[in-house]
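To start, the structure under review is shown below, and the notes come after it.
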Amino acid sequence: MTEPDFLTATRAAYDTASALYAESIPKLFHAGPLNHAMIPVFAELVRAAGDGLVADVGCGPGHITAYLRSLGVTAFGVDLSPEMIALARSAHPGIRFEVGLMGALEVEDASLAGVLANYSIIHTPPERLPETLAEFHRVLAPGGHLLLAFQAYDHPAEPAEAFDHKVSLAYRYSPDHVAELLLKAGIAEVARLICAPGEDPQRGFPQAHLLARRTA
C-alpha cells in the first residue's frame with residue numbers, strides 16, 4: 001500500500017530536525033506549567049482505573065513518555081521518525097520506544113488504558129483526522145482515557161487552518177470540532193484546558209488540551 005504523502009514528508013522533516021528538536025522541545029515542555037497541567041490528571045485517571053498500559057503517540061525524543069513513567073504510569077512511546085526513536089532510546093534506555101504510526105498502532109483492540117497525543121495530531125490533514133481518532137477508539141479499553149494537545153483555531157465557518165510549523169506542515173483545529181469528531185468515534189469529552197493566545201509567545205495561538213474517555 002502506498003504511504004500518504006503527508007506521512008512521508010513529516011517523517012523526513014522530523015528525521016532531519018531530530019537533534020535540534022530533542023535539544024529544545026523537552027526544555028520548553030518542562031519550563032511551562034500550562035504545557036503539562038493536564039498530564040498529571042490524565043495519569044491519575046489511568047492509575048485509578050487499574051494502571052493499564054498507555055501509549056504516548058508521536059512521542060518524539062521521549063520526554064513525555066518519561067514524565068508519565070515518573071507519575072506512576074506504565075507508558076511506552078511511538079513515533080513515525082526512526083531518528084526520534086533512536087534519540088528517545090538513548091535518553092531513556094529503560095523505556096520502550098518503537099517506530100510506528102498513530103493511525104495504525106501495533107496493539108490489540110481495547111488493550112490500552114490510555115492514549116496521549118501531545119501536539120502530534122497537528123500534522124494530520126483534516127480529512128484524515130477521523131481515521132486517527134477511530135484508531136484511538138480501537139486501541140482504548142472501554143473507559144480508557146485520551147489526552148490530546150494541539151494549537152487551537154476558533155472560526156465560525158472553518159474547523160481547521162493550516163500553518164507553517166517549524167518542522168513540517170501542520171494544522172490547528174477547533175476544539176469543538178475535535179470534540180464532535182471524538183464523540184462520533186465513541187470517545188466522549190471529559191474536560192478541556194484552553195490556554196489564552198497571549199500565552200504563546202511565538203505565534204499567539206491559543207492552545208487546547210482535550211481530555212476524553214472511551215464510552216463503555
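The values are calculated or read from the model by the stated rules, or taken from the named source; none is laboratory data. All of these numbers come straight from a predicted model, not from anything done at the bench. We place every Cβ from the backbone using ideal geometry, glycine too, and count neighbours over all the protein chains shown. What goes into the accessible areas is simple: the full protein's heavy atoms, side chains included, and nothing from ligands, DNA or RNA. Shrake-Rupley method; radii C 1.70, N 1.55, O 1.52, S 1.80 Å.
For the chain, the per residue solvent-accessible surface stands at 46 Å², with DNA, RNA and ligands left out and a 1.4 Å probe.
Measuring gaps between exposed loop sites in the chain (GluC sites (Glu not before Pro); DSSP loop; at most 12 other Cβ atoms within 10 Å), the longest gap, sites not included, is 109-216. Near G62, no amide H atom lies under 5 Å from its own; only residues 5 or more places off or on other chains count, and H is placed 1.01 Å from N.
Would you work out if segment 74-170 is rounded, prolate or oblate? Take a ≥ b ≥ c from the square roots of the eigenvalues of the alpha-carbon gyration tensor; rounded if a/c is under 1.5, else prolate when a/b is larger than b/c, oblate otherwise. Since a/c reaches 1.5 but b/c is at least a/b, the shape of segment 74-170 is classed as oblate. A cut-off of 5 Å between modelled amide H atoms, ignoring neighbours fewer than 5 places along the same chain, links H165 with A170. For segment 1-53 and segment 64-140, compute the distance between their C-alpha centroids and round to whole Å. Taking the Cα centre of each part, segment 1-53 and segment 64-140 sit 8 Å apart. Per-residue ellipticity at 222 nm, computed for the chain from helices alone with -39500 (n - 2.57) per DSSP H run of at least four residues, works out to -11500 deg cm²/dmol.
Atom-type composition of the exposed protein surface of segment 2-57 places 64 percent of the accessible area on carbon and sulfur (1.4 angstrom probe). Once the mean of 1/r is taken over each pair of separate Cα atoms and inverted, segment 49-100 shows a Kirkwood hydrodynamic radius of 10.6 Å.
For the residues G186, G58, G144, a GNM of the chain with alpha-carbon springs under 10 Å puts the largest fluctuation on G186. In percent, rounded to a whole number, the relative contact order of segment 1-117 is 28, using alpha-carbon pairs under 8 Å and six or more apart. Take every Cα pair under 8 Å whose residues are at least 6 apart in sequence, average their separation, divide by the length of the chain, and the relative contact order is 18 percent.
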